[in-house]
Each structure stands twice: as C-alpha cells, then as structure tokens.
Amino acid sequence: MKADQFLKEVKNRGQFSSKDQAMQATRATLAVLGERLFGGEPKNLAAQLPQEFRSFLESGSSESFDIDEFFERVSSKEGTDVSEASEHAKAVISVLCDAVTKGEIDDIRSQLPKDFDILFEGTKH
C-alpha cells in the first residue's frame, strides 16, 4: 500500500478532518509501537511499509509496557487526550493490518500481551 492510500484509509477510519491529522496519528502510533517491539521486529514491519513511514518505527528502544501506557504515549506524541488517541491508534492499526502481511501481524501480536488485543478488534488478522 502506498503512503497516500494508507493516509487516506487512516483519515476515513479515524474520521480525521485532514490528511495532516491522519499523518500525526500514524506517526505517533507507529513510533510507540516501535518502542514496544523487540529484536528485529520494528525493522521487519518497517520493510513492509511505505518509505515515508519507516523512520517512525526506529526508536531504538524496546520496552515492556501495557496498553494503557501505549495509549498514554500515543496521546503525548499526538497532542490529544488519551481517549481520542486510543481511537486514533485503533484506526492506524486497522489500516496497518490491511497494509502488511498476516505473518507480520502475527509476529507483532506474538510480542504483545493480551491487553493489546483491543488494538486489533475488528481487523481481519
């Protein structure tokens, strides 16, 4: 999936008023996801994303934290409240699930605790 299509889908699913807002949510969500993944997983995921998004995943940190902390970090990076950030993150993750292979989503999910399942509700993976 190309960057423009990815952002268009995020904009629609997240009900954003602009592509800039969709980009901000995408950047925040992928950055925090990159902080949560271990080993080579951020690079593996980045390899399947449009070039414009790859740097979002390269935090260099691999930390364990729960879904509440995930949403708090997205909120902080996005500059929104936590409830809004959680909805935005779910929109980004739903597009991510359409944009990369099922095997990659399975690899990501295998590194996340059960409380992260809420991110993937309603996705095809």
Checklist entry - T123 versus (1) farther than 17 Å from K11 by Cβ; (2) without any contact (Cβ under 8 Å) to a residue 60 or more places away in the chain; (3) polar (S, T, N, Q); (4) out of contact with any Cys (no Cβ under 6 Å at 6 or more places or on another chain): which is the lone unmet condition? => result (4)
Checklist entry - Can you tell me which residues in the stretch 1-14 are part of a loop (DSSP other than H, G, I, E, B) and either surrounded by 14 or more Cβ atoms within 10 Å (Cβ to Cβ) or under 11 Å from the mean Cα position of the chain (by Cα) (or both)? => result M1
Checklist entry - Of the residues in the stretch 20-42, how many are closer than 21 Å to P113 by Cα and buried (at least 16 other Cβ atoms within 10 Å of the Cβ)? => result 12
Item to check | Options F120, F65: the member that is touching a helix residue (DSSP H, G or I) at 6+ places or on another chain (Cβ under 7 Å), at pLDDT 95 or above and not basic (K, R) | outcome: F65
Next on the checklist: Within the stretch 25-34, does at least one residue satisfy the condition of being at pLDDT 95 or above, assigned to a helix (DSSP H, G or I) and more than 22 Å from M1 (Cβ to Cβ)?
Outcome noted: no
Checklist outcome for this item: Among S17, S62, the single one that is among the small types (G, A, S), over 17 Å from F120 (Cα atoms) and surrounded by 13 or more Cβ atoms within 10 Å (Cβ to Cβ) is S62
Next on the checklist: Kindly evaluate F65 against the criterion of being out of contact with any Leu (no Cβ under 6 Å at 6 or more places or on another chain), not in a helix (DSSP H, G or I) and not acidic (D, E).
Outcome noted: yes
Item to check | Candidates S94, S83, S110, S55, filtered to the one that is without any contact (Cβ under 8 Å) to a residue 40 or more places away in the chain, in a helix (DSSP H, G or I), within 18 Å of Q15 (Cα to Cα) and not charged (D, E, K, R) | outcome: S83
Checklist entry - Hey, does the stretch 81-96 have a residue that's charged (D, E, K, R), closer than 18 Å to D115 by Cα, touching a Lys or Arg at 6+ places or on another chain (Cβ under 7 Å) and surrounded by fewer than 22 Cβ atoms within 10 Å (Cβ to Cβ)? => result no
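The values are calculated or read from the model by the stated rules, or taken from the named source; none is laboratory data. Quick caveat: nothing in here was measured; it's all calculated off a predicted structure. As a convention, Cβ positions derive from the backbone with ideal geometry for all residues, glycine included, and neighbour counts pool all protein chains shown.
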